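S.K.: Please find one structure pasted underneath; my questions will follow.
The values are calculated or read from the model by the stated rules, or taken from the named source; none is laboratory data. Source: prediction; values computed, not measured. Every residue, glycine among them, receives a Cβ derived from its backbone with ideal geometry; neighbour counts consider all protein chains shown.
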Amino acid sequence: MRHLIGIVVGLLAASSVWAQTPLGATDITAAEVQAFLKESPRDRNTDRPIRVVDVGGYRTAVFGVFRPKVAAVAATVHQTKATEVYYMLEGAGILVTGGTQSKPATPRPSAMGNWTDIGSTGIDGGTARRVAKGDVVIIPGGVPHSWRSVEGDLTYLIIRSDPDNQIPLQ
């Protein structure tokens, strides 16, 4: 009898886990991305959230970025565990990751959440690579990154996985 009660309790516990509603998927259509990017200012770097969602214990965000060719070069280190994935939509340039930031390095509040960014005029060392339309680059949190040069205006998506839940929900 105890064995039967154990089985019933186990099945009830398992069925309650199975009965929980799974998190729904979030869709962002190509038309939504294009409309969002079309509305971005063209006179400066933009890095704005298209969508930020709670995916069960942490947040994931999709940001749209427009970077005009004439934008000043700046290196950034996000003081967070959030990983960034760049997906290039248009344009090409030399992206540098790793190494150390050039002086002066100054802390500033991040526009992407509650963490602090450390900005500087460039990166010493690191890995430089040419990225272009269709390329993907994964940049872990705390890694310096900077555009060294661009061949024209850049448009790309940044997918940010935020285990610290610092990016405000949208």
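S.K.: Please state which of the following conditions S16 fails to meet, knowing it meets all the rest: (1) in a helix (DSSP H, G or I); (2) modelled with pLDDT under 90; (3) surrounded by 10 or more Cβ atoms within 10 Å (Cβ to Cβ).
M.R.: All conditions are met except number (3).
S.K.: Here is a list of conditions, (1) at pLDDT 95 or above; (2) on the phi < 0 side of the Ramachandran plot, and R148 meets all of them except one; can you say which number that is?
M.R.: Failing condition for R148: (1).
S.K.: Give just the number: which of (1) touching a residue at least 60 places away in the same chain (Cβ under 8 Å); (2) in a strand (DSSP E or B); (3) surrounded by 17 or more Cβ atoms within 10 Å (Cβ to Cβ) does I159 not satisfy?
M.R.: Exception for I159: condition (3).
S.K.: Tell me yes or no: at least one residue of the range 78-96 is polar (S, T, N, Q), part of a loop (DSSP other than H, G, I, E, B) and surrounded by 19 or more Cβ atoms within 10 Å (Cβ to Cβ). It would help to see each step written out before you state the result.
M.R.: Residues of the range 78-96 that are polar (S, T, N, Q), as a first pass: 79-80, 83.
Checking the rest, the ones that are also part of a loop (DSSP other than H, G, I, E, B) come to 79-80.
Next, from what is left, pick out any that are surrounded by 19 or more Cβ atoms within 10 Å (Cβ to Cβ): 80.
The answer is yes; a qualifying residue exists.
S.K.: Against the definition (part of a loop (DSSP other than H, G, I, E, B) and either over 30 Å from G56 (Cα atoms) or under 18 Å from the mean Cα position of the chain (by Cα) (or both)), how does G142 come out, yes or no?
M.R.: Against the criterion (part of a loop (DSSP other than H, G, I, E, B) and either over 30 Å from G56 (Cα atoms) or under 18 Å from the mean Cα position of the chain (by Cα) (or both)), G142 qualifies.
S.K.: Condition first: part of a loop (DSSP other than H, G, I, E, B) and in contact with a strand residue (DSSP E or B) (Cβ under 8 Å, 6 or more places away or on another chain). Now tell me which residues in the range 111-125 satisfy that. Break it down into steps so the answer makes sense when it comes.
M.R.: Taking the range 111-125 first, the residues part of a loop (DSSP other than H, G, I, E, B) are 111-115, 121-122, 125.
Once the filter is applied, which keeps residues that are part of a loop (DSSP other than H, G, I, E, B) and in contact with a strand residue (DSSP E or B) (Cβ under 8 Å, 6 or more places away or on another chain), the range 111-125 yields A111, M112, G113, W115, T121, G122, G125.
S.K.: Going through A128, A72 one at a time, which residue ends up being surrounded by fewer than 19 Cβ atoms within 10 Å (Cβ to Cβ), assigned to a loop (DSSP other than H, G, I, E, B), of a type in the set (A, V, I, L, M) and free of Cβ contacts under 8 Å to residues at least 40 places away in the same chain?
M.R.: Values: A128 fails: assigned to a loop (DSSP other than H, G, I, E, B).
None of the others qualify; the one that does is A72.
S.K.: Same structure again: Looking only at the range 62-83, count how many residues are within 17 Å of the chain's Cα centre (by Cα), modelled with pLDDT of 95 or more and not aromatic (F, W, Y).
M.R.: Qualifying residue count for the region: 4.
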